[in-house]
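K.L.:
Okay, here's the structure, questions in a sec.
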Amino acid sequence: MTPPALLAAARRRRATRLDDLREWLAIPSVSAEPARAADVARAARWLASWQRARGARVQVRPTEKGRDIVLGLWPAPPGAPLIVLYGHYDVQPAGPGWSTAPFAPVIRNGVLYARGAGDDKGQLFAHLCALEAWQQFGVIPVQVLVIAEGAEEVGSPGFDAALRPLARRFRPRAVVISDTERDAGGAPTITVSQRGHLVARLEVDVGGSDVHPGRLGGAVVDPGLVLAEALLLLRDELIPALGSGPVDTAGEQPRLRTDAVVARIANGRATTGAGLDERITRYGALSVTRLAAGGRGGAVPARSAAWIDIRLPARVDPADVVLRARRLLDGLAPPGTMVSLRAGSGTAGLEAMPDAAIQRAAKEACMIGFGRPPVYVRSGGTVPAAGMMARAFGLHPLLLGFGTPGGHAHGPDEAMDLPGWSAAIDTSVALIGALGGPVRTNFGRAQSGLRARIQPVPTGASLARTDGEDR
Ligand SMILES: [Zn+2]
């Protein structure tokens, strides 16, 4: 339960906190651009000092290339359950097409425009505002470890390794990640599965050099056609054999978007038939992101290549898919021809239906913040960090999405609507209350939350200064 007076007090400070957020958004913490390294570090320092000024114990843990992980441990009474809250403070490059300066946040018609407004500074900061509200107006009923990453937009290198020592020391009751969007109707979402991801390059080499099609066409093997055959083989044999992601049996059933809704999102692109949302979220898919064959006009080339992106059902192992693909391709190449598959990065999918108590807490919180329950969805995408957290802490994270629907994460004019942001703070305030045990607040009466099935925090669950510099 959340004391109404606490919500009211938090709302009175909203304008000031919005100013804070704008200040943070003005720091161009683009992890993919080496020239922005100092800004990434500056955004980390900003986050560290904001939390430290409000009583959190903060530690900045270096990873490669200076994209530090900022840890903030917010105090709670002894025996309070521990919650891990994940977000990232790095952002995508600005890119072209903005109608305003991407790192000069502006508000137009109740919408905040800036790179990172939704993905993910705005969402992470909503949780931080909620923590501040509890901290200043009573006692936070849960111990919260905020893990803020600075390399999410470049695939989270080094994050897995950084999580390992944390997972040994902390045993959270829940992991909360807000880095997704609300649904088209504006309801907050709970994402219950993600697909896996594999990138690879398919190469065909028939030997020799380019030839004239009039002189040798029909006599030589054409690498473009072999490549086309190889791609169709993967589409028709490999992808169907991967099966589909599981249909969830426990908890709320995820909502499927209709074909019309998906077609609208596809914005003029031809689509592949019926049952589109299931195709996107439960089944594998092969996409060709780039093709290369020939170059000089009229000649038959000797080599061809395709860059492919394979999305995998949640339970499929990417390494196994590479082996299966190579086995299929082995039988394809005509004599004297080499067909090879070079695998790049692979990420396993994730099933993330939180346990019943966490679902109840999330529903209670969304009712308070947004006046409606969350909508359950599956995602066709892949956030590597979510899988890393699930494996490290051994539980299904709560992927609670607050971002503005169609808020242009990664595109121009990234946006966060202020009513949504405000509701996200209220929701987080209520979620912290719902996940906590009985709490004493400055508003009198003890409040009770989810007392049952709460693991005590292991003793020594603190950020020891010995294994990292406290900046
Ligand atoms: Zn993000």
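Just so it is clear, none of the values below were taken in a lab; they were calculated from the coordinates. From a predicted model like this one, the values you see are computed outputs, not experimental measurements. Because the Cβ atoms are built from the backbone with ideal geometry, glycine has one as well, and the counts that use them run over all protein chains shown.
K.L.:
Relative contact order (percent) for the stretch 52-99, with alpha-carbon contacts under 8 angstrom and 6 or more residues of separation?
P.N.:
Details: 30 pairs, mean separation 12.7, N = 48.
This gives 27 percent for the stretch 52-99.
K.L.:
Order of Tyr86, Tyr376 from fewest to most other C-beta atoms within 10 Å? Walk me through the intermediate numbers first.
P.N.:
On the way: Tyr86 27, Tyr376 19.
Sorted ascending by nearby Cβ count, the order is Tyr376, Tyr86.
K.L.:
Now for a separate question. Pairwise over distinct Cα atoms, reciprocal of the mean inverse distance: report the Kirkwood radius of the chain in Å, one decimal place.
P.N.:
When all Cα pairs of the chain are included, the Kirkwood radius is 24.0 Å.
K.L.:
Mind pulling the angle between the C-alpha long axis of helix 159-169 and the longest principal axis of the chain? Nearest 10 degrees, somewhere in 0 to 90.
P.N.:
40 degrees
K.L.:
On to the next question. Hey, what angle do you get for helix 223-233 against the long axis of the chain, alpha-carbon based, 0 to 90 degrees rounded to 10?
P.N.:
Approximately 50 degrees, to the nearest ten.
K.L.:
Please label the shape of the stretch 14-113 as rounded, prolate or oblate, based on the square roots a ≥ b ≥ c of the eigenvalues of the alpha-carbon gyration tensor (a/c under 1.5 means rounded; beyond that, a/b larger than b/c means prolate, else oblate).
P.N.:
Verdict is oblate for the stretch 14-113.
K.L.:
I've got another one for you. With each pseudo-label sitting 7 Å past Cα toward Cβ, what's the Ala5-Arg360 distance in nm, one decimal?
P.N.:
2.7 nm
K.L.:
With runs of 4+ DSSP H residues as the only contributors, calculate the mean residue ellipticity of the chain at 222 nm using -39,500 (n - 2.57) per run, divided by the residue total and rounded to the nearest 500.
P.N.:
Mean residue ellipticity at 222 nm (helix-derived): -9500 deg cm²/dmol.
K.L.:
For the chain, what relative contact order do you get, as a whole percent, if you take Cα pairs closer than 8 Å and at least 6 residues apart?
P.N.:
Across the chain, relative contact order equals 26 percent.
K.L.:
Something else: Can you bin the stretch 239-336 into rounded, prolate or oblate? Criterion: square roots of the alpha carbon gyration tensor eigenvalues sorted a ≥ b ≥ c, rounded for a/c under 1.5, prolate for a/b above b/c, oblate for the rest.
P.N.:
oblate
K.L.:
Let me ask something else about it. When only C-alpha pairs under 8 Å and at least 6 residues apart count, what is the relative contact order of the stretch 24-145, in percent?
P.N.:
30 percent
K.L.:
What nm distance separates the two modelled labels at Arg169 and Ala35, each placed 7 Å from Cα along Cα→Cβ?
P.N.:
3.8 nm
K.L.:
If I fit a long axis through the Cα atoms of helix 318-330 and take the longest principal axis of the Cα atoms of the chain, what angle between them do I get, 0 to 90°, rounded to 10?
P.N.:
10 degrees
K.L.:
Net charge within 11 Å of Cys129 by Cβ-Cβ distance, Lys/Arg positive one each and Asp/Glu negative one each, not counting Cys129 itself? Let's see the in-between values first.
P.N.:
On the way: positive: Arg11, Arg13, Arg14, Arg17, Arg54; negative: Asp20, Glu132, Asp426.
It works out to a net charge of +2.
K.L.:
Something else: Going by C-beta contacts inside 10 Å, put Arg36, Arg324 in order with the fewest on the left.
P.N.:
Least to most surrounded, the residues fall as Arg324, Arg36.
K.L.:
With a/c under 1.5 counting as rounded, go ahead and sort the stretch 301-399 into rounded, prolate or oblate using the C-alpha gyration tensor (a ≥ b ≥ c being the square roots of the eigenvalues; past the cut-off, prolate if a/b is larger than b/c, else oblate).
P.N.:
prolate
K.L.:
Here's a follow-up. Using every alpha carbon pair in the stretch 169-260, what percent of pairs falls into each 10 Å bin from 0 up to the bin containing the largest distance?
P.N.:
Final binned percentages: 10, 23, 22, 18, 13, 11, 3, 0.
K.L.:
Right, next: Going by C-beta contacts inside 10 Å, put Tyr89, Tyr283, Tyr113 in order with the fewest on the left.
P.N.:
Ranked by crowding around the Cβ, least crowded first: Tyr283, Tyr113, Tyr89.
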